[in-house]
Amino acid sequence: MGEQVFNERAMRDEICEIGRRIWQREYVAANDGNISVRLNEQEILSTPTGVSKGYLTPDMLVVIDRAGNKLRGNMKPSSELKMHRAFYDARPDIRSVVHAHPIVATGFAVSGLSLDRCTLPEVVITLGSVPLAKYGVPGSDELTQDILDNYIDKYDAFLLANPGVTTIGTSLINAYYKMETVEHFAKISLVARQLGNENVFSPQRAQELIDARARYGVQANGACRIEYKDATYAPEVPSTGFGAAAYAGDSGAGSNGSSSSAGNGGQVELSDAELRSVISEVARRVVEKIQNQS
């Protein structure tokens, strides 16, 4: 059996809808960003260069082959599709790529900070973390190479040092939702750091979230990072399929896991049973969200 073939007319409409969403949410400005979907084994449908993603129409989109040659369309393909094509070649499960510049997440990238701390259950389960790739000139092999060498088999979202954020997925909406999750994670992380304390899960609690992926049918991705005074710990991730390796990043602050500290030094503690209940509820909601995407 061959792979699923996406309906081109439906995908043109969906790219335009996602373009409007990323523009309305201020993930892009002017003509920034690009979106693509792999229609079949040979054809890629994508946004053209030089057009605002908030004003896309289906006839503006272009179809290229896996080598980057234009097959259909009146407009010019973006030079940044070289990165998209490299990701499609590296992972057969990838069907869509979204690149944008969400303000807070891109701020982390410009500051040289990854989003890799074990803080939000939803992110630990669905993404693991969001590593920071080295800077490269947009449209160049340099921009893509660090991801291909170090992250493509472990993660589905990447901060690009200065150029923004790229997410990959099994469908257009799947890749787009991951972009939303990255920016949401970045906003919460920024607020926590401004308040002076970004608590992370303990190794045991983080491992419970990692293990919950298999129980609820979520494909494993790279692990988040827990940093203590004397050591950095990354939960173990099953070594099967894509996104199976652990990752240790390069910046962070330590904390304990099953309690959260208030600014006045007080703590709110959960029992094992209570925290397990919270984790199960989060996992249930994640699975529902994934099912709704399909």
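The values are calculated or read from the model by the stated rules, or taken from the named source; none is laboratory data. Bear in mind that the values here come from a model prediction, so they are computed numbers and not experimental data. Ideal geometry is used to build each Cβ from the backbone, glycine not excepted, and the neighbour counts take in all protein chains shown. Quick note on the areas: whole protein, heavy atoms, side chains included, nothing else; ligands and nucleic acids left out. Shrake-Rupley method; radii C 1.70, N 1.55, O 1.52, S 1.80 Å.
Observations on the model:
- Largest-first principal axis extents, alpha carbons of segment 16-142, Å: 45, 31, 28
- Computed over protein heavy atoms with a 1.4 angstrom probe, the accessible surface ordering of 75, 11, 179, largest first, is 75, 11, 179.
- Maximal additional length on extending the residue 89-residue 13 stretch stands at 24.9 nm, based on 0.36 nm per residue less the C-alpha distance.
- Rounded accessible area of residue 81 (nearest 10 Å², 1.4 Å probe): 10 Å²
- For segment 120-125, putting each phi into the Karplus relation 6.51 cos²θ - 1.76 cosθ + 1.60 with θ = phi - 60° gives couplings of 10, x, 4, 6, 4, 6 Hz, in residue order, rounded to whole numbers and with x for Gly and Pro.
- Put 20, 205, 12 in order of accessible area, highest first, and with a 1.4 Å probe you get 20, 12, 205.
- Rounded to whole Hz, the Karplus (6.51, -1.76, 1.60) HN-Hα couplings of segment 10-26, x for glycine and proline: 5, 5, 4, 5, 5, 4, 4, 5, 5, x, 5, 5, 5, 6, 5, 7, 6
- Ranking by accessible area, most exposed first, for 21, 95 with a 1.4 Å probe: 21, 95
- A cut-off of 5 Å between modelled amide H atoms, ignoring neighbours fewer than 5 places along the same chain, links residue 95 with 169, 170, 171.
- Overall, segment 1-82 carries a charge dipole of about 180 debye about its Cα centre when +1 sits on the Cβ of Lys and Arg and -1 on the Cβ of Asp and Glu, all other atoms neutral.
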